[in-house]
Structures are given as structure tokens and as C-alpha cells.
Amino acid sequence: SRAFRLNRLAHPHISFLTTMSNYPANYGSATQPASYGAAGTQQSYPYDSKPSVVRFTNPRNVFVGTGMILLVLLSIVPVWNAAALLQDPNYTFWVGETVAAWLILLCSTIVILYGVTIFLFFSYARPQVQTEQTIMMIANIFITLLGLVLMLISLPISRQSIETYNNLMHRCDYSEQTHRMYEYSQVLQNIRAMPGCASQFSVEQCEGYEEVRPYTTFLKDMEEHFRCAGFCFRPAAALAAVPATSQNGSIVLMSEKPRLHQDRKRNQDKVSPRHKHEDHVTPLSLLEVYEGDVQTSAFKSSSTPISPYPPTLFTDANYQASCEGMAARDMKNFAGDIGFQTFYQGIYLVIIAITTGFLKLIGFCVRKDRDTPYLDAKAGARP
């Protein structure tokens, strides 16, 4: 025993080897730190059961969840606006549901595509490229993509609102978009002017009414929602209508407009270099045919002033506001504002992505300048 202690004092390396031999073979082995989401040396748990916190807070799940939440928050406003457009019967009747539906579809696709991209990136990319810079680059790509989508979708929304406003306000009776609605409105106004229908609450209770979707239902919705009456109603046209009957008692439309006035109007159209189209519609005047005698009704004579507001068709409220004017203002102030708001939000997202890229580039330059003295000192210390 004494000889062994003297041997240890004479040969200390033998003591060190003897002590180290008592430890496991893997004691103190350095493990390479794993990169973002890469498969590396991890702490083992008994029975192969990892705690839930470790399982669900790995870098891949954190980046996927955080990025998708951020994109969902950025998409809430445009998706909400698109849903509001789909719920607006005035917008869907004039321009349809295609653009608003595409806006919702593209925003949802971008969020899902981001999740798939991050999952594939952490699953198949090399550990050397799974860095903070790469993650920021992917985030900037999807923010820029969302901004460009919002800018592109906003253009047709704004264009549709402006074109519909102009057609309703200035070309209501002859534009391709509004002419069909104008024809149905005139037919219902003629039915409403019948003596037996004028006293009814709604034109739906009158003889000759027939529901034709979507035109009659949309006229009813406009009256109830906008509290308006008439669609492209021209009070001057009613003054020119004078009814007559043929020998068998059928209705014949005649116009008492003087021939001289028609010739003068025709000459003015030839001389004027800028001719504005005007539709002169002669409303149907109604006849009450008695035995051997004809009595005209529904419109008063031309000497009696006619109200500039037509009667309401589906109620007896007789609102004093034009339905085409209310529909045009709704398109301009609601759909038009949504288009501009979507466009500006897209611009802001693109600007944010560009600014983030420049800040990251500046950070690289500043970090390089700060690391230069340390690298020089380290190089000078080498033999």
C-alpha cells in the first residue's frame, strides 16, 4: 500500500488515467449544437417520452405558427372587406361575386402556402442554410406576395365601382349594364299607374305582375334598403304620352309632340358636334273602355304638372329619392372605398418588406465593422 502511494506520487499520469477509467466512455464528449430544426444530438428521455413543451416548442413549430398567425392577422381586413362585398346585394347584382371570391381564395392560399413552405424547408434543407437570415428572407417573400395580391385585386374592384357609378348616373337608360333593369322598371311603373293598382299597397298585388328574378327582386331590395322610388325615371317623358284606342279597343301609343319640335331637335343634332344620347320613352297610358265611349286615365293632361318622383312599386311610402342615384353612390362610397383601402394596404406591405430587407443588409455591414478589430487581434495573436 505504501509502495503504491509512492508510485502514484512519482507517476501522477497513472493516477489521472486510473481516475478517468472509472467514468463512462461518453463522459464530457462535446456535442455539436443543432441548427434551427435540424436533426442533432438531443437529450434522451426514458421510455422515449419527451415532455409536451419540448415537443411543441421546437424551432420549426415556432416559425410555422408565428408566421401563419402574422399572415392571418394581415389578411383579416381584406377578407372581411371581401365578405362584406359578397353580402352587399347592390354590388353582387351589378358586377357579380368573382373578384371578391378571388380575394378570399388568394389570401387563404398564401397563409397555407407559407405553412407548407416552412415545413418543407425544415424537413429537406441542409442544416447549414437553416439560419435566421433564411427565415427572414422567407417571411419577406410572403409579405411581399400578399401585398402584390392585394394591389392587383384592388384594381378591378375600383374599376368596377367607377364604371357602375358612371353607368347609373349618366347612362342609366341605355348602357349595357343597366338597360335591362330600366326596361323592367318601366313595365312595373306602367302597371303601378293602372287605376286598380294605384290604390294597392304593392305592385305585387296588381293584375299583370309577374316576378322575374333577379330584376324584380332587386328593385324591391333597393326600395327597402335605400328607401328610394323609380329607376331612371324621366318625368318629362310622361308629358308626351297621350293614349288612344283602335277599333277593337286595344291600346295604341301616340305622341302629341309637335312635328316642328322634332324637326328642330333633329337639326340641332346634325349641327352639334357633340351629341348626347337621350332616350325618349313613352310610358303606357291606360284606357278604360266603356260601352260606346273611351275614357283615358293614369296620367293627367300635359297642362297639369306631374311630380318628379314616381310612386314606389312595392310599398305606399313614395320615397323622394331615385334608386339609380342611391345605387350609384353606394357603389362609389362602399365598393370604391374598399378598392382603395385594399390597394393602400398592399402598398404598405410591400414597403414594409423592402424596408426590412434594407435593415437586414445594414445589419450585416454594421456587424462586419464591429467584428473586424476582434478578428485582427485574433490573427495577430497567432505565432
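The values are calculated or read from the model by the stated rules, or taken from the named source; none is laboratory data. This one's a predicted model, so the numbers in the text were calculated from it and none came from an experiment. Note: ideal-geometry Cβ built from the backbone for every residue, glycine included; neighbour counts use all protein chains shown. Each accessible area value is taken on the protein alone, full model and side chains, heavy atoms only, with ligands, DNA and RNA left out. Shrake-Rupley method; radii C 1.70, N 1.55, O 1.52, S 1.80 Å.
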Counting only residues 5 or more places away or on other chains, whose amide H sits under 5 Å from the amide H of GLY230 once H atoms are built in the peptide plane? LEU313, CYS323
If we restrict to alpha carbons, what Rg and Dmax does region 182-235 come to, in Å? 10.7, 27
So for each of 121-131, 334-344 I average, over its residues, the number of other beta carbons within 10 Å; can you give me the resulting order with the highest mean first? 334-344, 121-131
In whole Hz, with x marking every Gly and Pro, tabulate ³J(HN,Hα) for region 82-96 from phi via Karplus 6.51 cos²θ - 1.76 cosθ + 1.60, θ = phi - 60°. 5, 5, 5, 5, 5, 8, 8, x, 5, 5, 5, 5, 7, 10, x
In Å², what does the accessible area per residue of region 112-167 work out to with a 1.4 Å probe? 51 Å²
Contact order normalised by length for region 45-191, with contacts defined as Cα pairs under 8 Å and 6 or more residues apart; what percent is it? 23 percent
Hey, if we sort VAL79, VAL187, VAL203 by accessible area with the 1.4 Å probe, largest down, what's the order? VAL187, VAL79, VAL203
Among 173-186, 139-152, the order from most to least packed when residues are scored by Cβ within 10 Å on average: 139-152, 173-186
